[in-house]
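These notes concern the structure reproduced below.
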Amino acid sequence: MSIATRTGDDGTTGLLYGRRVSKTDPRVEACGAVDELNAALGLARAQAAPPRVGEELLAFQKQLVALMGELAVAPEDLPRYQADKLPKLEEIALAHLDGLVARLEGEKISFEGWATPGANLPAAALDVARTVCRRAERRVIELGNAGSLPVRYLNRLSDVLWLLARYCESPE
């Protein structure tokens, strides 16, 4: 089976359970933004200096795969998705981010120069991931999900990415 199915040549793409929608549909935009975030986290993980940062980024990437699955379902197919017990983002992921914010804020990290990314490669990659995360958050909000777990997760994740970038810039 080829990756080039040609079914998208007409400007549509498939959601889970086979529904076809425009590639500019807000749901597709949200999925694409989260996919882009996942790729940005992969780049940041490849650049991560401290191993602890890379381990966290990999965990975030796995959570984003579950989130993309949820986003790729039309609202009318959500009961089927839930019945199939497919992976979904859990509240525990948000709690982990909250704990990570508290731990990182307790570290001796420097906020000097924070408004100008690029002090080093790991921090720069994390700052790029943070900005992509903010866009993904906006796209998910456009689906009418303000205040939902995915929005709260992405909001907190961008905070964590900002703190991790500062952590990578700080002398040990």
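None of the figures in this text is laboratory data; all of them are computed from the coordinates on show. Computed from a prediction, not measured in an experiment: that's the story for all the values here. Here the Cβ is made from the backbone with ideal geometry for all residues, glycine too, and neighbour counts use every protein chain on show.
For the reader, a short list of remarks on this structure follows.
- Answer label, with percent of Cα pairs over 23 Å apart calculated from the coordinates and candidates (i) 35; (ii) 43; (iii) 66: (ii)
- Within the shell of other residues whose beta carbon sits under 13 angstrom from the beta carbon of A40, the net charge comes to +1, with Lys and Arg scored +1 and Asp and Glu -1.
- Ordering Y167, Y17 by the number of other Cβ atoms within 10 Å of each residue's own Cβ, fewest first, gives Y17, Y167.
- Amide hydrogen neighbours beyond the local backbone of T12, cut-off 5 Å, H modeled: K23
- For the stretch 151-170 versus the stretch 1-32, the spacing of their alpha-carbon centroids is 31 Å.
- Sequence-distant contacts, meaning Cα pairs under 8 Å at least 6 residues apart, place the relative contact order of the stretch 129-172 at 46 percent.
- Its relative contact order, with pairs defined as Cα atoms under 8 Å and 6+ residues apart, puts the chain at 27 percent.
- Note on the stretch 105-152: along the principal axes its Cα atoms extend 37, 23, 15 Å, ordered by decreasing extent.
- The calculated 222 nm mean residue ellipticity attributable to helices in the chain amounts to -21500 deg cm²/dmol, summing -39500 (n - 2.57) over DSSP H runs of n ≥ 4 and dividing by all residues.
- Peptides 140-153, 122-135 ordered by average Cβ neighbours within 10 Å, highest first: 122-135, 140-153
- Phi to ³J(HN,Hα) by Karplus 6.51 cos²θ - 1.76 cosθ + 1.60 over the stretch 64-73, Hz, x for Gly, Pro: 5, 4, 5, 4, 4, x, 4, 5, 7, 10
- Loop sites in the stretch 1-81: trypsin sites (Lys or Arg not before Pro), DSSP, at most 11 other Cβ within 10 Å: R6
- Which of D10, D25 has the fewest Cβ neighbours within 10 Å, and the rest in rising order: D10, D25
- Using a Förster distance of 22 Å, the FRET efficiency for L86-A49 (Cβ separation, nearest 0.05): 0.05
- Angle between the chain longest axis and helix 149-169 axis [Cα atoms, degrees, rounded to 10]: 30 degrees
- For K23, a cut-off of 26 angstrom between C-alpha atoms picks up these lysines, skipping any fewer than 8 places away in its own chain: K62, K88.
- Estimated dipole of the chain in Debye, rounded to 20 [Cβ of Lys and Arg +1, of Asp and Glu -1, Cα centre]: 240 debye
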